[in-house]
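Here the structure is laid out as structure tokens; the discussion comes afterwards.
The values are calculated or read from the model by the stated rules, or taken from the named source; none is laboratory data. These numbers come from a predicted model, not from an experiment. Positions of Cβ are generated from backbone atoms using ideal geometry, with glycine treated the same way; all protein chains shown enter the neighbour counts. These area figures cover heavy atoms from the full protein model, side chains too; ligands, DNA and RNA do not enter into them. Shrake-Rupley method; radii C 1.70, N 1.55, O 1.52, S 1.80 Å.
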Amino acid sequence: QVQLVESGGGLVQAGGSLRLSCVASRSAFSIDTMGWYRQDPEKGRELVALMTRGGKTNYGDSVKDRFTISRDNAKNTVYLQMNSLKPEDTAVYYCVAYYSLTSSWGQGTQVTVSS
């Protein structure tokens, strides 16, 4: 089982930026896809961004052109650069890793965007 530890959440004003990090407990070279979902009590779970081992990306419609996912396999880490943040981006952000026909999830990190 891969363990994932997120960091980088916090409180930011609208229009600001944050960068989330997620470190995996084993080599990212063995993980097919890593990325981020977010969950809000009203909207439920929503795709934010995913990146395959080969670098293919998939973004949720609400974050396209504002968020950028990147992955450093040598550091077993996936990043989410979030720019032009909006109050509606407020949620708990979860890191996910898909590998060997299963998945692991992090504990989540809170992102709060004030208006």
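For this structure, a couple of remarks:
- Restricted to the range 2-115, the set of strands (runs of 3 or more DSSP E) holding at least 1 residues that are open to solvent by less than 10 Å² (accessible area, probe 1.4 Å) and out of contact with any His (no Cβ under 9 Å at 6 or more places or on another chain) comprises 18-24, 33-40, 44-52, 67-72, 77-82, 91-99, 102-105, 109-114.
- Hey, Ala28 more than 21 Å from Val111 (Cα to Cα) and among the small types (Gly, Ala, Ser) or not: yes
- Flag for Ala97 being over 15 Å from the mean Cα position of the chain (by Cα) and either closer than 12 Å to Glu6 by Cα or among the aliphatic types (A, V, I, L, M) (or both): no
- Selection of the range 101-111 for residues being touching a residue at least 12 places away in the same chain (Cβ under 8 Å) and either at positive phi or charged (D, E, K, R) (or both) yields only Gly108.
- If the condition is being under 13 Å from Lys75 (Cα atoms) and of a type in the set (Gly, Ala, Ser), then the range 1-38 contributes Ser21, Ala24, Ser25, Ser27, Ala28, Ser30.
- Any hit, the range 22-31, residues being within 18 Å of Ala91 (Cβ to Cβ) and at pLDDT below 90: no
- The residues in the range 50-61 that are more than 16 Å from Phe29 (Cα to Cα) and at pLDDT below 95 can be counted, and the count is 0.
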